[in-house]
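> This is the structure, below, for whatever I ask next.
The values are calculated or read from the model by the stated rules, or taken from the named source; none is laboratory data. Please read these numbers as outputs of a predicted model, since none were measured by experiment. Using ideal geometry, Cβ is built from the backbone for each residue, glycine included, and neighbour counts are taken over all protein chains shown. For accessibility, only protein heavy atoms count, side chains too; no ligands or nucleic acids. Shrake-Rupley method; radii C 1.70, N 1.55, O 1.52, S 1.80 Å.
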Amino acid sequence: LESRRRGGRVASAMVGPSLLHEVPDLVEYPFVLSGHFAEEFLSLPEEVLTTTMIHHQHFFPVLGTDGRLLPVFLAVLNTEPERPEVVSKNLERVLTARLRDARFFWDADRAHPLTHFVDRLDTVLFHKRLGSYRAKADRVSRLSEWVCAEVLGRSDLAPIAAEAGALCKADLGTDMVRELTELQGAIGGIYAREDGRPEAVWKAIY
């Protein structure tokens with residue numbers, strides 16, 4: 001009812017079963033209220049918005065009739081507050097602060113192409129006997145190229161697989177992934193897409 005009052009519906013596919021199972025275990029006398037955030041944040045990728053809302057705040061995103069995110073969220077409280085509007089405003093402030101951080105990370109990361117972050121992987125240990133994440137990405141790149149060309153007989157796809165493998169861990173060096181670890185892989189694919197890399201490459205990274 002609250003989502004319909006706001007002109008949309010809960011983004012069930014984005015939320016998935018985990019939050020739907022988790023939230024009822026956190027509350028005894030559930031009360032749902034809604035809030036909104038500035039439309040300017042809708043320019044961020046949906047993955048960034050939903051990760052911030054779902055994983056960090058346990059909020060439910062809301063979709064409009066066109067299937068796109070609205071600048072609206074639903075929150076489930078443990079009891080009905082005396083002044084819901086005050087609670088809603090406080091929740092809005094918390095979410096806005098996190099979205100401002102996400103905007104800062106996005107802008108800082110997008111000042112460089114995804115390849116810029118590959119060198120940082122030399123400083124991130126994968127395993128003490130197997131080396132850094134840079135070494136891991138190099139192995140993934142070589143193996144992906146070999147599998148495409150020799151195992152699958154698709155030498156035409158080998159360069160694509162090699163490129164995606166070389167960049168598949170690059171986003172570990174980004175500010176966005178350091179703050180929102182759940183986005184590793186997905187944000188790398190998004191950054192590769194923003195760089196103008198071929199669809200097959202950025203989707204493989206994603």
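> Please indicate, with yes or no, whether at least one residue in segment 21-30 is open to solvent by 50 Å² or more (accessible area, probe 1.4 Å) and modelled with pLDDT of 90 or more.
So far as segment 21-30 goes, no, none of its residues is open to solvent by 50 Å² or more (accessible area, probe 1.4 Å) and modelled with pLDDT of 90 or more.
> Right, next: Being of a type in the set (D, E, K, R) and within 22 Å of residue 196 (Cα to Cα) is the filter here; which residues of segment 112-137 pass it?
Once the filter is applied, which keeps residues that are of a type in the set (D, E, K, R) and within 22 Å of residue 196 (Cα to Cα), segment 112-137 yields 119, 120.
> Give the residue, chosen from 161, 170, that is of a type outside the set (Phe, Trp, Tyr), in contact (Cβ under 8 Å) with a residue 24 or more places away in the chain and over 27 Å from residue 50 (Cβ atoms).
161
> So, one more: Could you grab me the full set of residues in segment 43-79 that are in contact (Cβ under 8 Å) with a residue 60 or more places away in the chain and either farther than 14 Å from residue 97 by Cβ or over 17 Å from the mean Cα position of the chain (by Cα) (or both)?
44, 45, 47, 48, 51, 55, 70, 72, 74
> Mind checking which residues of segment 91-102 are open to solvent by 40 Å² or more (accessible area, probe 1.4 Å) and either touching a residue at least 12 places away in the same chain (Cβ under 8 Å) or outside any helix (DSSP H, G or I) (or both)?
94, 98, 101 - these are the residues of segment 91-102 that are open to solvent by 40 Å² or more (accessible area, probe 1.4 Å) and either touching a residue at least 12 places away in the same chain (Cβ under 8 Å) or outside any helix (DSSP H, G or I) (or both).
> Now a separate question. For segment 40-90, give me the residue count where each residue is open to solvent by 50 Å² or more (accessible area, probe 1.4 Å), closer than 24 Å to residue 182 by Cβ and outside any loop (DSSP other than H, G, I, E, B).
Residues meeting the conditions: 7.
> Please give the number of the condition residue 57 fails out of (1) more than 27 Å from residue 195 (Cα to Cα); (2) in contact with a Ser or Thr (Cβ under 8 Å, 6 or more places away or on another chain).
(2) is the only condition that residue 57 fails.
> Something else now. Tell me which of these residue 94 doesn't satisfy, since it passes every other one: (1) in contact with a strand residue (DSSP E or B) (Cβ under 6 Å, 6 or more places away or on another chain); (2) at pLDDT 95 or above.
Of (1) in contact with a strand residue (DSSP E or B) (Cβ under 6 Å, 6 or more places away or on another chain); (2) at pLDDT 95 or above, only one is false for residue 94: (1).
> How many residues, within segment 61-86, are farther than 21 Å from residue 9 by Cα and touching a Gly at 6+ places or on another chain (Cβ under 9 Å)?
0
> Right, here's the next one. Residues of segment 103-150 being open to solvent by 60 Å² or more (accessible area, probe 1.4 Å), within 20 Å of the chain's Cα centre (by Cα) and either modelled with pLDDT under 95 or among the acidic types (Asp, Glu) (or both), which ones?
Correct list: 107 only.
> Under 9 Å by Cβ, and 6 or more places apart or on different chains, what pairs join a residue from segment 30-42 that is closer than 23 Å to residue 80 by Cβ with one that is open to solvent by 50 Å² or more (accessible area, probe 1.4 Å) and of a type in the set (A, V, I, L, M)?
32/1
> Residue under question is residue 136, and the condition is that it be free of Cβ contacts under 8 Å to residues at least 40 places away in the same chain and in contact with a His (Cβ under 9 Å, 6 or more places away or on another chain); does it hold?
yes
> Scan segment 160-179 for residues that are open to solvent by 30 Å² or more (accessible area, probe 1.4 Å), more than 17 Å from residue 111 (Cα to Cα) and not hydrophobic (A, V, I, L, M, F, W, C) and report the count.
Matching residues across segment 160-179 total 3.
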